[in-house]
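Scroll down for the structure; my scribbles are underneath it.
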Amino acid sequence: MSITIRPCGPQDAEALALVSRATFLESYADVLPAADILVHCEVQNRPKLYRDWLASPDWRAWLATAEGTGSPLGFALTCPPDLPVEPGPADVELKRIYLLHRFQGGGTGAGLLAAAEAAARHDGFSRLLLGVYSRNDQALGFYARQGFTPVGVRTFRVGANDYDDLVLAKPLA
């Protein structure tokens, strides 16, 4: 299957929300309580949130779709940093990079990351930051292969429970 990666805007909010919910469930169904997953998806992965984010010029996203059908498979989303590390003036945050499990391992995740990095460089940013669940070994391995290193820790609330995230950084120069 051919996959296309393209910039997206507020009109893609429904697709981003759908992928967000599906990938969050895929990733954490055997780790987090169902009630926490449901609350998190309702609050943090609703279409209106994505519409609002993408209406701001400081937020950018790229959508991976199945060529021919246009079905959403994954996306990357960048924004101003909101992480518990001292941000530099040339930092940008990778808020989300989600890809359905079935399409992982074929280069689409790296393609989404490359699109976000290229845009960040073009916009004058020199460091990409992100937060990732400290027990998500698959994601941590991906980020390590892509050149990210730990720079901090944050507490992240999902539903009624707190979890530790690692804050990672990658120089873009």
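The values are calculated or read from the model by the stated rules, or taken from the named source; none is laboratory data. Note that this is a predicted model, so its numbers are computed, not measured. Glycine gets a Cβ as well: all are built from the backbone with ideal geometry, and neighbour counts include every protein chain shown. Only protein heavy atoms, including side chains, enter the accessible area calculation; ligands, DNA and RNA are left aside. Shrake-Rupley method; radii C 1.70, N 1.55, O 1.52, S 1.80 Å.
Hey, among Asp30, Asp82, which residue is in contact with an Asp or Glu (Cβ under 7 Å, 6 or more places away or on another chain), open to solvent by 40 Å² or more (accessible area, probe 1.4 Å) and farther than 20 Å from Gly107 by Cα?
After ruling out the rest, the residue left standing is Asp82.
Could you please let me know if Leu130 is part of a strand (DSSP E or B) and in contact with a helix residue (DSSP H, G or I) (Cβ under 9 Å, 6 or more places away or on another chain)? Break it down into steps so the answer makes sense when it comes.
Details: part of a strand (DSSP E or B): yes; in contact with a helix residue (DSSP H, G or I) (Cβ under 9 Å, 6 or more places away or on another chain): yes.
Yes, satisfied.
Going by the structure shown, is Ala90 modelled with pLDDT of 95 or more and either more than 20 Å from Leu129 (Cβ to Cβ) or open to solvent by 50 Å² or more (accessible area, probe 1.4 Å) (or both)?
Spelling it out, it is not the case that Ala90 is modelled with pLDDT of 95 or more and either more than 20 Å from Leu129 (Cβ to Cβ) or open to solvent by 50 Å² or more (accessible area, probe 1.4 Å) (or both).
Among the numbered criteria (1) free of Cβ contacts under 8 Å to residues at least 60 places away in the same chain; (2) in contact with an Asp or Glu (Cβ under 6 Å, 6 or more places away or on another chain); (3) over 22 Å from Ala169 (Cα atoms), which single criterion is violated by Thr4?
Checking Thr4 against (1) free of Cβ contacts under 8 Å to residues at least 60 places away in the same chain; (2) in contact with an Asp or Glu (Cβ under 6 Å, 6 or more places away or on another chain); (3) over 22 Å from Ala169 (Cα atoms), the one that fails is (1).
Could you please find all residues in the stretch 141-162 being of a type outside the set (A, V, I, L, M, F, W, C), free of Cβ contacts under 8 Å to residues at least 60 places away in the same chain and part of a strand (DSSP E or B)?
Listed by number, the residues that qualify are Thr149, Pro150, Thr155, Arg157, Asp162.
Just the residues that are free of Cβ contacts under 8 Å to residues at least 60 places away in the same chain, more than 13 Å from the chain's Cα centre (by Cα) and open to solvent by 30 Å² or more (accessible area, probe 1.4 Å), please, taken from the stretch 54-71. Outline the logic, then answer.
Our first condition is that a residue be free of Cβ contacts under 8 Å to residues at least 60 places away in the same chain; within the stretch 54-71, this holds for 54-63, 69-71.
Now restrict to residues that are more than 13 Å from the chain's Cα centre (by Cα): 54-58, 69-71.
Answer for the stretch 54-71, where residues must be free of Cβ contacts under 8 Å to residues at least 60 places away in the same chain, more than 13 Å from the chain's Cα centre (by Cα) and open to solvent by 30 Å² or more (accessible area, probe 1.4 Å): Ala55, Ser56, Pro57, Asp58, Thr69, Gly70, Ser71.
Does at least one position in the stretch 125-137 carry a residue that is of a type outside the set (D, E, K, R) and without any contact (Cβ under 8 Å) to a residue 12 or more places away in the chain?
no
From the list Asp137, Asp165, pick out the single residue that is farther than 27 Å from Ala66 by Cβ, of a type in the set (Asp, Glu) and open to solvent by 60 Å² or more (accessible area, probe 1.4 Å).
Asp137
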